[in-house]
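Take a look at the structure below.
The values are calculated or read from the model by the stated rules, or taken from the named source; none is laboratory data. Keep in mind that this is a model prediction, so the values were computed, not measured. FYI the Cβ positions are ideal-geometry reconstructions off the backbone, even for glycines, and counts take in every protein chain you see. To get the accessible areas, we keep the full protein, side chains included, count just its heavy atoms, and leave off ligands, DNA and RNA. Shrake-Rupley method; radii C 1.70, N 1.55, O 1.52, S 1.80 Å.
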Amino acid sequence: LDRRMRCLDERLVELSAVVEGLTEAEPGTLRSASDAVDQLHLVADCQDPRDLVPRPASASARAAIVEAENGLARAWAMQALGQYEPARPLAQKAVEVGERAGFPPLVARALVLRGECEDRKHEYAAAKATYEHAANVAAQAKDDAGVVEALARGSLVVGGHMGRPAEALTARRFVDLALERAGQPPRVRALWHHILAILLLNQERYEEALASERDAVATWRKILP
């Protein structure tokens, strides 16, 4: 119950930050509204949340983690609205809190967001390194869904933005294995198959790309009818 309530609290913070961002937004930000809503983390994920790595016993460390998780939820909303500069320091702060507390799940999630901000700011080498670090930390945290998300986003940087799709596809077997081990969670499955379609398309493997994109679309339609 505690894990479920903590998860729901994070979703509420994230949603509130999107709403607040839209009420104060410039016209350019408002154009990101639908993307921001699509990027909201699913409430359904809170039905049976798991902390595979125990949280620290110290009350002060636990409180610091909760504060950092709320900051990360706000940062994710900012990033979704295109506000990368204010989102990045919140993500970095969460990385530092998680490292000090010895809680790798927080570090992995925060690194993914930092990598996304770097990617959006066209800092591709930095984003690639950050995603690789995020995948390693997620593996330490036994978070296979986190491994998928980090490797998938990193593959897009390498294959889509850095123009090296063949290199990016070398991660495919690791992503597929982590996805299977995670139980095929729909959000990261859809993300991976969409990115995989882009990588295959860039190699002119059209039939495979189409099949992967169809999988992504079918999964998203279940999540966002």
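Mind checking which pairs have a first residue in the range 143-169 that is in contact (Cβ under 8 Å) with a residue 60 or more places away in the chain and a second that is assigned to a helix (DSSP H, G or I) and not hydrophobic (A, V, I, L, M, F, W, C), Cβ under 7 Å, 6 or more apart or different chains? Sorted first by the residue in the range 143-169, then by its partner, the pairs are Asp143/Pro105. Of a type in the set (A, V, I, L, M) and touching a residue at least 12 places away in the same chain (Cβ under 8 Å): does that describe Ala182? Against the criterion (of a type in the set (A, V, I, L, M) and touching a residue at least 12 places away in the same chain (Cβ under 8 Å)), Ala182 qualifies. The set of residues in the range 140-166 that are over 16 Å from Val112 (Cβ atoms) and open to solvent by less than 40 Å² (accessible area, probe 1.4 Å) comprises Gly159, Gly160, Pro165. State whether the residues of the range 128-135 include one that is more than 18 Å from Gln79 (Cβ to Cβ), surrounded by 24 or more Cβ atoms within 10 Å (Cβ to Cβ) and among the hydrophobic types (A, V, I, L, M, F, W, C). Yes, the range 128-135 contains at least one residue that is more than 18 Å from Gln79 (Cβ to Cβ), surrounded by 24 or more Cβ atoms within 10 Å (Cβ to Cβ) and among the hydrophobic types (A, V, I, L, M, F, W, C). For the range 167-225, the set of residues classified as within 11 Å of Leu151 (Cβ to Cβ), open to solvent by less than 30 Å² (accessible area, probe 1.4 Å) and of a type outside the set (A, V, I, L, M) consists of Trp192 only. Among the residues of the range 91-98, at least one is open to solvent by 60 Å² or more (accessible area, probe 1.4 Å) and among the acidic types (Asp, Glu).
Out of Val43, Val13, Val37, Val19, one residue alone is within 17 Å of the chain's Cα centre (by Cα), more than 19 Å from Arg187 (Cα to Cα) and modelled with pLDDT of 80 or more. It is Val13.
Residues in the range 97-124 that are within 16 Å of Glu67 (Cα to Cα) and among the β-branched types (Val, Ile, Thr) were compared, and the one that is nearest to the chain's Cα centre (by Cα) is Val107.
Considering the range 1-42, the qualifying helices (runs of 4 or more DSSP H), each wholly inside and each with 1 or more residues that are open to solvent by less than 50 Å² (accessible area, probe 1.4 Å) and touching a residue at least 60 places away in the same chain (Cβ under 8 Å), run over 2-23.
For the range 43-58, filtered to residues that are assigned to a helix (DSSP H, G or I) and open to solvent by less than 80 Å² (accessible area, probe 1.4 Å), the residue that is farthest from Trp220 (Cα to Cα) is Cys46. In the range 191-210, the residue that is nearest to Gln47 (Cα to Cα) out of those that are without any contact (Cβ under 8 Å) to a residue 12 or more places away in the chain and assigned to a helix (DSSP H, G or I) is Glu208. Only one of the listed residues (Leu81, Leu72) is within 16 Å of Asp143 (Cβ to Cβ), aliphatic (A, V, I, L, M) and either open to solvent by less than 30 Å² (accessible area, probe 1.4 Å) or touching a strand residue (DSSP E or B) at 6+ places or on another chain (Cβ under 9 Å) (or both). That residue is Leu72.
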